[in-house]
Each structure stands twice: as C-alpha cells, then as structure tokens.
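Right, one structure below, let's go through it.
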Amino acid sequence: MRTSQPRTIYLSDYRVPAFLVEHVDLRFELFEEGARVHSTLTIRRNPESGDPDARLELDGDSLKLEGVALDDKSLAVGDYDDQGDKLVIAEVPDQFQLTVVTWIEPQNNTRLEGLYKSSGMFCTQCEAEGFRCITFFPDRPDVMARFRTRIEADKARYPILLSNGNDVETGELADGRHFMTWEDPFPKPCYLFALVAGDLVEKKDTFTTCSGRDIDLRMYVEPRNAEKCDHALDSLKRAMRWDEDVYGREYDLDIFMIVAVDDFNMGAMENKGLNIFNSSCVLASSDTATDAAFQRVEAIVAHEYFHNWSGNRVTCRDWFQLSLKEGFTVFRDSGFSSDMGSPTVKRIEDATLMRTAQFAEDAGPMAHPVRPESYMEISNFYTLTIYEKGSEVVGMIHTLLGPDLFRKGSDLYFERHDGQAVTTDDFVKAMEDASGRDLTQFRLWYEQAGTPVITVEDEFDAEQQVYRLHVRQSIPATPGQRDKKPQHVPFALGLLNQRGEDLPLRLTPGEADAPTERVLDITQERQAFEFHDVAEKPVPSLLRGFSAPVRVNYPWNREQLMFLMNHDSDGFNRWDAGQRLSVDVIQSLIGAGSETVVEPRQVTAYRHLVSNADVDQALVAKMLQLPSEAYLIELADSADVQGICQARTRVLNHLALTLRDELVACYHRNLDIGPYEPTSEAIARRALRNTALAWLLQVNDEEGRILAKRQFRDATNMTDQFGALRALVNSDFEADREVALSEFYQQWQQDPQVVEQWFSVQTSSPRTGGLAAVSKLLDHPAFDWKNPNKVRAVVGVFAGQNLVNFHAQDGSGYRFLAKHINHLDDSNPQIAARLVSPLTRWRKYTEVYRDGMRSALETLRDKKGLSMDVYEVVHKSLAD
Ligand code: TRP
Ligand code: ZN
C-alpha cells in the first residue's frame, strides 16, 4: 500500500543536511515474533546548513515506535511527532544524543528492504532507502557516521551474528541467547549498513595485500551450500589483486565477508566489509553451475568488492549521483572480466546489452540521463542507463585520456574525495584536473538522455587521393528533453583497402608514421574528416570496439559486410559486420513469401565460421549467434513481433539445415576437452559444441537427437547437461524433452539455483513456454511468489525472452503479466515494478500489439493502493 501521495524528487532541490550524525550505536534484539532495535545517535547541527534553526526530521517506514529519549531524558508523546514516514522533533540543541527504540517484524517483511528473514536467517538490504525500515534515521547518503552494532539472538538458531567492520565483543546471555558486537571504523552512509544472523557455515581464506597486511576472507552459507564457495573466494582474491595492480587500491579492513541469501531483490550488495549476495550470483560448482553462471559470479563478486573504493570510501552525495558509483564500478568490473578472459568477447557482450536493452530504455518512456534530474521512486533508477551507459561514459573518458592519464585521474579522485559523498561532476573534474583535458562538452553525456545517432556518408576523390567522411550527429527527443546539444563522441575507425589491410590514416598529405586506427572527436552536428594519399576507395570500419554508445548508420552493402567479417583487424567489428549482415538478411525476409530465398552468401559466411578451427574460437562462438529477437525489435521502426520471430527462425532453420554436416563435425571437434575448467578457451569450445547441438535440434535432426540424449546423460558438468536439455526442449521431439525435463528435475530438485534454470529453460522456449504451460509452472511446488529468483525465472523470463508467446495476438500474455504484477505489488513492489518493463514500450509495436499492451498498463494504473514503484513506471508509460 502506498503510504504517501505520489511525488517527484528533484535534483535542483538538493540541500545539505541540517544535522550530521557522528556516531550510531545500535542494539538489535532478534526474536521469532519480531525485533527490537535500540538506536543511539550522536547528532550535531551541520555548520554548512543554511537553516540554523531547522527542526530534526528523521526518515522512517513501517516502524512501530516504542520510545524516544534526548540526552537520556525520555520524551513525552507531545515532544515529538511520529508521522509514520518521519519522526519530527521541533526543539533540539546544537549537539545531543538521541535514543530511539523501534519494533519491526522481519518475518513478515516481503518487500526485502530493511531487515527481513530468508530461509530462516535474518539479513538486511538497506540500499537505497531500506535503513529507514529498521529505525528512524536521516536516510540519505551524504550523512556518514561510524557504526557500532550489537546483535542479540538465540544461540542455537543463530550461532553466527555479523555486521560491518571488526568483531569487538562476544558473550552469553540468559535464556540460551548470545550477542556479538561489531565496530566499523570507517564513517559510512546508512545504506551500507548490514546485519546477518543465522545458522551458517564459515569458509575461510586469506589474502595478503600489496603492503603485506593479511586479510581474513570469510564466506557464510547454509550448510547445504558448503561445496559451492570456492569459485567466489577465488574470484574475490583475483579481484583484490587486480584492484591493487590496475587502480592501486588496497583493501582497508582486516576482515572481508561474503554472505549468500536466497531471497534477494537484486544481484548483490556492497555493504562495508560484509557483502550480501543473491545465492544465484555467488554459489557455483561445476556440476550445478553453467559457464555463464561461473562468469557471472566472478564479475559480481568483483563488482561488489570494487565498490569498497568506488562507492564506499568515496560515496554518492545523493541518489541522482547513483552512476558515480555504479557506472564507474561496472567499468571497473568490465575491465577485470576482460583481463580474466577474452577482451573481444567481453566487449561484444557489453555492447550487445547496450544495443538491445539500454538503447531500448533510452528510446522509451522511462528514458533518463546518466545523472537524472528527477525521480519518484529511486528503486526504479537502478537501470541499464545508470549502470551500463554510465560505464560506457567512464569508458569514453578512458579512451579520450588514454590509460595513464585516466589512472592519474582516478588516483586524484580517490585521494581528493576519500571519506566524502560527492557528485558525478566531482569525478569528471578530477579527470580534467589530472589530465589537463577540457571535458566541458563531454559532460553532456551525464545530462542528456537518448542515444546519439551518427550518420556517415563518404566520398572518394580518386584524383586527389582523398577519402572524405561526412558525419552527422543527432540525438532524439526524450521525455522532458526536446532539444539536444551535440555531444562529444570519441569515434574509433579504420579504413581497409581491397586486400583487407588497414590503411595508414593520414590527416595531412604525406604525414609520416600515420596510425592505422584513430579516434576522431565528433563534437558538432555536422563535421567532415579527410584522409590523404588514399589510392583506392576503402571500406570503412566504423566505431571500432564500440568506442561510444551510439547508433551508426552507413550504407554498407552485403559484399562489404562479408569482407569486413573476414578481414577487419578489429575483432569487435568483425563480429559487428556479421550481425549487420544477419540483420539485413532477416529484415528482408519479414513478411516475405516462402519463394524469397535466404541470402546464399550468408550461408557461405557461416559455413566458414563453423568449419574454421584456426581462428579464435571464442569469437567464432559469438559470431555464430544470430541477432536476438529483442535486438531486431529494437531496430524496427514499428515492430511486427511475430513477423520478426518468423523471419529469424526461417534464417536459423535454413542455416541449420544447409550446414548440418558441418555442425555435426563442429560438435565432434569440440567434444573431448578433458576435465571441466572455466577458462575462456574451454568455455568457447563448450559454447561452440552446444550451439551446434542447439541448431541441429532446432531442425529436429535425428543424429542431433542421439547426440543430445547422450550428452544429457553423460555430462560431467552443468554447462553440458543444461546445453543438452535446452536443445531438447527447443526441438519437436516431444517425448524426449519431457523425459529430459522430468529427469533433470528429479536429479536437481534440492538445488534452488538449478531449479531456477529448469524453470527458465521452459518459460523461455517457444515450444514449452506457451501461456498454459507457464501458468501451470506457477502451481509447481518449487515455485514461490515470495522468492524473486523464482518470479523472475517464470514470469520475468516469459515476458522478457519468450516473445512469440508473450506477444500472442489475443493479448493473453499481456493480461497474464498485468494480473501477476498486480498481485505481486502487494508483497514486493520493487520486483513488481521491474516486471512492468516489457509493457513500457508499447508504442514501439504495430497496431495489433499496441492496444493489448496499453490496456494491460491501464489495468495496473487503476489498481487501488498501487505502490509508488509501479505507479511511476505505469504513469510514465501511459503519458503522452
Ligand atoms: N548496489 C548494488 C549493486 O552492486 C545494487 C543493489 C543491491 C540494490 N540491492 C539493491 C539496489 C536493492 C536497489 C535495491 O549494484
Ligand atoms: Zn553496484
């Protein structure tokens, strides 16, 4: 239930806090029927505040207030005003101690914000505004305090009691209870507070920092997960070393703890010294986790660890600055993953996410700048724009400055702002000061929403030997921003001659030692660039490495794209040329009759990929993937979903049928690769083999069927077992797929992470993910509305990935989604609001789909007691 009227928060209203909190002393009494929280705050007026007489206002949410005392004197009810979402005390001195006692009910907390229970343990999630669900507090990141936390609980049920910092005291209490006290020496905003209490096993490790300090690494999990910790701990040690080597950042506490929790709204949380993870993002063993899961764990463990500097030591002034920590930290974890595996593959993955999902967000009703100007519910702003585009923006600064000046800039930033709560502008300023570069225009990347479109035309003057590029930049209007100024786009490119070699890029005739790749500075709406001493018309390789998050239009023909696929020295652009070719082929088949042939040159290109064992197999595995349905929808002006899915399937089937012998050979070539190892080379071979298998089953190949069944039975790791299962599920071998699905469930029903995979392989499939089957899964004993991972695996995957079924033309998929969002909104508004996302872009689709999507949104709009979370998304989606 929404407790307050919908209201918008504006960046322009920011004021420094009227009061500062120096110290927080917390005592938690944990019981089965609730928890009592005693909080003593050491408060003083902020000398910087413009309002020296301000009354004290503390935030609260769903709290039962049991008592208030000021400097040890109990306050009478008339001395304070408990407004529910605020505790107001009109008269306070300049310095004082305030004690507040609240009663909360973690066992009934289904929102998973604040203190809640998950599989019998107590845990917290305070970002962004969860701390106010624990006690009254100035819940804003620019109030930083030292915390001391005492936890009391039944010793048998909760032998492990954790909070931030160092354990300073422990002891026994009456009635079989015990306590533990923790002290965090670093001042922090309350969103980084954490508490865990449970019956957990401890996995220990150590790390010696660059200055020779030994850090205690501890991972806490439920006993059944004891064998799934090694990969996270190894990843953590690699991340700690990498941050020292690449950013010069050493860990600062003596203990670093990781906890796995089954019910969690997001991936993980960087609480100071006590990172809490969604189980699916931290637990892994080769028999239960796929390669993708191994890589996800490594990246998320690193991400949360990196926050210790980019987020915790230097934090955000307010939530409009969220990308200060998230964009920068994603940039840091991308660099780490890139160094741990294949940089080209990592770049392809990041660019794919940007181009399919972030570009869609940037073109839809929820579009917002990397530094938003306003929001209603901050939980809705943990977006691809804040995270992924924010990371791309930092990446462009890296490109513009080069690695050395960028490092100088990050050093200056960490040094200058250590212990402070700052803005994205402070970050850019540090980069400017360290490098001497002027980033004034570049700052527009933080202020303007929308994806810039770069349109390139070329002209070759054979006589002058000049090749000229005419570049136009335009940025589409987004909600609240009609006219945009041109942005500074670092545009990496190369030019290929007819033999496929890179040409020297001479900006003046006769220029000596000209490089073969340059980063052009596009800064204007229209600009021309000239390259000299060019003997023949080249083929341009544009936006190499996806050097900026923009769309590029250039009229490459299919011949040129094939040429780039084979010759471009930039691996990313070889992949991109293949994608563009496939997009072109698929688009030309939308709505076309069966007499229209599939481009034979594409078959040739794919035959080459499948058969060539000499080139980088990791890149080949990526190049084989056809552009996704979601990407094709994103590229369409007005998307005919069913037409797009049919055309894509037709191309896939055609390739699979024509290349079936090559696919069988590719499968066998990559079969025996020894014991499981999550190295990028081994991952690539498993990916290739499983892609070959998937394609064979997609066209119901008999030999493929035998291979899949054998692989399913004999697999020694989850990547292969799951690869075989997925292939069978997406075939027409109905009996085989039912057997495989039921055997798989029998084998793994005790493992929630595997069961999530089992749900999503069915809900994502056009074959097994029809609405009736998906509805049936909601009644499955393993399904649980209270567990966000299960909701995502069934409802989220159906609506987000099973486009043929979700976009059924009778609108049944939309009604299904609206109905369940409606119901979920009462228990977990954050998850409910995220599920609205597939409906938000209703204007993108052709007539047939639009009405059904809009009326699903209207149903939600009309719900009584709608949460602020869903309210914001629905209202912005319906606004004109
Ligand atoms: N800061 C977390 C991260 O590393 C994000 C996060 C975790 C979060 N849990 C949350 C955000 C709950 C909002 C609500 O990206
Ligand atoms: Zn983060």
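Structure above, values below:
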read-out: Efficiency of FRET from Cβ geometry, Asn612 and Ala514, R₀ 45 Å, rounded to 0.05; value: 0.90
read-out: Per-pair calculated FRET efficiency, R0 = 45 Å: Arg669 and Glu459 via Cβ, rounded to 0.05; value: 0.50
read-out: Segment 314-447: relative contact order in percent, alpha carbon pairs under 8 Å with at least 6 residues between; value: 37 percent
read-out: Karplus 3J(HN,Hα) series, Hz, for segment 87-100 with 6.51 cos²θ - 1.76 cosθ + 1.60 (x for Gly, Pro); value: 10, 10, 10, 6, 10, 9, x, 6, 9, 6, 10, 10, 10, 10
read-out: Point-to-point label distance, Lys485-Val739, nm (Cα→Cβ direction, 7 Å offset); value: 6.8 nm
read-out: Relative contact order %, segment 9-199, counting alpha carbon pairs below 8 Å whose residues are six or more apart; value: 23 percent
read-out: Backbone N under 12 Å from the Asp13 label point (7 Å along Cα→Cβ), restricted to segment 361-382; value: 374-377
read-out: Environment charge at Thr649 (Cβ cut-off 12 Å; Lys +1, Arg +1, Asp -1, Glu -1); value: +2
read-out: Principal axes of the chain: Cα extent on each, largest first, Å; value: 88, 67, 59
read-out: Extended-chain gain in nm, criterion 0.36 nm per residue less alpha-carbon gap, Ala879 and Ile706; value: 57.0 nm
read-out: Prolate/oblate/rounded label for segment 9-199 (Cα gyration tensor, a/c 1.5); value: prolate
read-out: Segment Asp245-Arg472, extension gain: residue separation times 0.36 nm, minus the distance between their alpha carbons; value: 77.7 nm
read-out: Reachable lysines from Lys863, criterion Cα separation under 20 angstrom, eight or more residues apart if same chain; value: Lys819, Lys876
read-out: Exposure proxy order (Cβ contacts within 10 Å, fewest to most) of Thr124, Thr440, Thr40, Thr209; value: Thr440, Thr209, Thr40, Thr124
read-out: Links that overshoot a 25 Å alpha carbon limit, given the list Lys786/Lys844; Lys786/Lys864; Lys228/Lys622; value: Lys786/Lys844; Lys228/Lys622
read-out: In nm, spacing of pseudo-spin labels at Arg526 and Glu373 (7 Å Cα→C-beta vector); value: 2.8 nm
read-out: Set of lysines near Lys429 by C-alpha distance (under 28 Å), chain-local residues within fewer than 8 positions excluded; value: Lys188, Lys272, Lys325, Lys389, Lys408, Lys484, Lys485
read-out: Theoretical FRET efficiency, 1/(1+(r/R0)^6), r = Cβ-Cβ of Ala54 and Asp637, R0 60 Å, to 0.05; value: 0.70
read-out: Helix-derived mean residue ellipticity, 222 nm - over the chain, DSSP H n ≥ 4, -39500 (n - 2.57), to 500; value: -12000 deg cm²/dmol
read-out: Label-point separation in nm, Leu657 to Gln750, each point 7 Å along Cα→Cβ; value: 4.7 nm
read-out: Summed side-chain charge close to Arg177 - residues other than Arg177 whose Cβ falls under 11 Å, Lys, Arg +1, Asp, Glu -1; value: -3
read-out: Exposure proxy order (Cβ contacts within 10 Å, fewest to most) of Thr451, Thr596; value: Thr596, Thr451
read-out: Burial ordering of Phe147, Phe816, fewest other beta-carbon atoms within 10 Å first; value: Phe816, Phe147
read-out: Stretchable slack from Arg854 to Thr604, in nm (0.36 nm times residue separation minus alpha-carbon distance); value: 85.7 nm
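Taken together, the values in this text are just the output of simple stated rules run on the coordinates, not laboratory data. In this text the structure is predicted, and so the values were computed from the model without any measurement. Note that we place each Cβ from the backbone using ideal geometry, even for glycine, and neighbour counts take in every protein chain shown.
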